[in-house]
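Student: Dropping the structure in here first, questions after.
The values are calculated or read from the model by the stated rules, or taken from the named source; none is laboratory data. Remember, predicted model here, so these are calculated numbers, not experimental data. Cβ placement follows ideal geometry from the backbone for every residue including glycine, while neighbour counts extend to all protein chains displayed. Ligands, DNA and RNA are excluded from the accessible area calculation, which covers all protein heavy atoms including side chains. Shrake-Rupley method; radii C 1.70, N 1.55, O 1.52, S 1.80 Å.
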Amino acid sequence: MLLNDIRFAVRALRRSRTFTLTALATLALGISVNTAIFSVIDSVLLTPPPFDHPERIVTIEGENKAQGLEGASLAYPDVLDWRADAKAFDEIAIYRNQTFNVAGDDRAERASGARVSVNYFRVFGVTPQLGRTFLPEEETLGRERVLVLSDAYWRRRFAASPAIIGQQLLINGWQYTVVGVMPKGFAYPPSAEAWSPFAADSQAMHRGSRFIRGVGRLSAAATIEQGTTELNAISKRLEQTYPGSNTGWRATARPIEDAVVGRAPAILYTFLGAVGFVLLIACANVANLFLSHAPARLREMAIRSALGSGRARLIRSVGT
């Protein structure tokens, strides 16, 4: 009986092709837009970052209330003091956003990335899928010309060739050696395609020079609040020791998710609400189409009822 109903429905849809195509197009539009937006929300908000224990990873930002500064960059010597004295952190690393002008394979292009301290990848708990990360001696001037690539950039630019390890690339006019490729999905800063070691020069060692960013991994027993409290206790001590450069400067630790998604949650959920309303309108339009189609079927339904069709079968045929 159910098979007969399905055959009847197919024949009815074929007879009303304009009605069928209109209903299908309306529903397809609403469903496809909702699916696309939800896919973005799932990848950005619902799927955790590809880090080891991301709840223990924080960004570290500068703050100076007297100057009205929040989310400010850091001074490299301050970070060295935090790294040496802060017990709430297993690792504290730094990075500086960098654009790499990459020349090789007879073409040149720009790649976004960062210069990072050698313990940077340990903060995230990730290891390369090919090669290695950076050695301590590569954090010095003249020895920092090595490069680690993201998986996405390695696949796009070098066709995922394993021979990339050890290859020489011309970066910003200097010869760099590719030493590693990070695993799929890892990128921090979020748009990073390549990383090289941060080698401090005389400017970086000046406490008044604030141009780097910090990330840290909390110890297993520490909270973000405890990490911030400890950083500020050290900052107060530095303020007394270096009043000319450190007066009023404090630090704030924030969950890494805040830096990864930024303002995306509010924007994406707004979009989801908007497209959900579009789907609601699409369903209402399809319902109106069926209602407009109903009077033409009253005679058919009366005949089917007279021939013995039960209530359940008549209800199943309403959607056709």
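Student: In segment 178-259, carbon and sulfur make up what percent of the accessible area (probe 1.4 Å)?
Tutor: On segment 178-259, the fraction of accessible area on carbon and sulfur atoms equals 52 percent.
Student: Test of understanding: what is the full-extension gain from LEU69 to LEU141, defined as 0.36 nm times their sequence separation minus their Cα-Cα distance?
Tutor: Residue separation times 0.36 nm, minus the Cα-Cα distance, leaves 22.8 nm.
Student: For SER235, what is the net charge nearby, where nearby means another residue's Cβ is under 11 Å from its Cβ and Lys, Arg count +1, Asp, Glu -1?
Tutor: Its environment carries a net charge of -3.
Student: Right, another one. Before I look further, what does segment 68-128 give for accessible area per residue, probe 1.4 Å, in whole square angstrom?
Tutor: Ligands and nucleic acids excluded, the figure is 43 Å² per residue.
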